[in-house]
């Protein structure tokens, strides 16, 4: 198939510009943010831009510009203009050899056009925020680059999302760098999905202890985010009433089989039904908090059933791990995990360490 485009940059009919402006102004009350994406095809004339920018400012709608050409004056008064280094060089009259002076010239552009700041994309160097009197550099998030197509569009779309949520520009450019890092790691021009961005943010910022204990709904969402980022999900379960070296070894073994480790623990009521009225010794909230503090765990979920089968069916772990006192036949959920292509791993116990032995020893010492 062949596509042949014949285009002209000549002015369009006056009524066409009037219709465009009217359509935009009618939409303004419902907008949280507006992007002017200029392709230099004769649509976004200076007059059109100024009318739209002026009305957007009156309505309190942030307006971001993806510019083209050497004349940025048509975007005067916008919330920000987001050129790349080459586009900014054209606007300032600098050559590629004078790139080091461009940030200074960009600050002058901010002053001359009445902009709060310019947001300049610099490829692998990240994003520069050029205020009239100062500047901020947000380094890129290191990624293996496969295709830079769409990276600039991703940046301005993320900045627009941030502006819609009244996020400070310092946080917005950090978010845009992370989003662009995800996009350039893919082939072709592709969008970024919400769960991909959340997964990247979780990995970038680190997960605090209190954020690891999840209900089932949130766990399923987080597992989907992990998988979107290329991680496998490993699951193990138990009462974990007293944390001892045998349990630590089990969790460390889990880490060897995949990227993210989920631990299911029996609720207090479930433990009592399984172990008797004197158990648990440590409550479910305290047990989950202790497990969450370990580097070997990524998520903790509490279940009330005698077995974790419902949890396993909902989570669909890639690897199911149990200690050496089990056989694969006796592991709850083993057949189900195998049915969707997962695997079951039995790891050896650490001899001499068990919760039952510890309880017996404490009880004996108390009696003496």
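For the peptides 183-191, 255-263, the ranking by mean Cβ contacts within 10 Å, running from highest to lowest, is 255-263, 183-191. The angle between the Cα long axis of helix 102-113 and the longest principal axis of the Cα atoms of the chain comes to about 70 degrees, rounded to the nearest 10. Among 159, 20, a tally of other beta-carbon atoms within 10 Å of each Cβ gives an order, fewest to most, of 20, 159. If a/c stays under 1.5 just call it rounded; otherwise compare a/b with b/c (prolate if a/b is bigger, oblate if not). Do that for segment 209-367, with a ≥ b ≥ c from the square roots of the Cα gyration tensor eigenvalues. In terms of gyration-tensor shape, prolate. A helix-only calculation puts the chain at -13000 deg cm²/dmol for mean residue ellipticity at 222 nm, using -39500 (n - 2.57) for each DSSP H run of at least four residues, averaged over all residues.
Of 250, 34, 313, which is the most mobile in a GNM of the chain whose springs link Cα atoms less than 10 angstrom apart? Maximum among the listed residues: 313. Seen against the Cα atoms of the chain and their longest principal axis, helix 355-367 is set at about 60 degrees. The order of 232, 297, going from fewest to most other C-beta atoms within 10 Å of their C-beta, is 232, 297. Taking label points 7 Å from Cα along the Cα-to-Cβ direction, residue 285 and residue 216 give a separation of 2.3 nm. For the peptides 103-112, 333-342, 119-128, the ranking by mean Cβ contacts within 10 Å, running from highest to lowest, is 119-128, 103-112, 333-342.
Between rounded, prolate and oblate, where does segment 14-192 land on the alpha carbon gyration tensor, with a ≥ b ≥ c its root eigenvalues, rounded for a/c under 1.5, else prolate if a/b exceeds b/c? It comes out prolate by the Cα gyration axes. When a/c reaches 1.5 or more, the comparison of a/b and b/c decides; with that in mind, is segment 1-99 rounded, prolate or oblate per its Cα gyration tensor? Since a/c reaches 1.5 but b/c is at least a/b, the shape of segment 1-99 is classed as oblate. Relative contact order, whole percent, for the chain stands at 9, derived from Cα pairs under 8 Å and 6 or more residues apart. Counted by neighbouring Cβ atoms within 10 Å, the residues 212, 41 run from fewest to most as 41, 212. Working from label points 7 Å from Cα in the Cα-to-Cβ sense, the residue 3 to residue 336 distance is 4.7 nm.
Within the chain, the percentage of alpha carbon pairs spaced more than 26 angstrom apart rounds to 63%.
For the pair residue 50 and residue 31, the difference between a 0.36 nm per residue extended length and the Cα-Cα distance amounts to 5.1 nm. Over segment 14-192, Cα pairs under 8 Å with separation of 6+ residues give a relative contact order of 16 percent.
All of the numbers you see were taken from the coordinates with simple rules; none came from a lab. Please read these numbers as outputs of a predicted model, since none were measured by experiment. Note: ideal-geometry Cβ built from the backbone for every residue, glycine included; neighbour counts use all protein chains shown.
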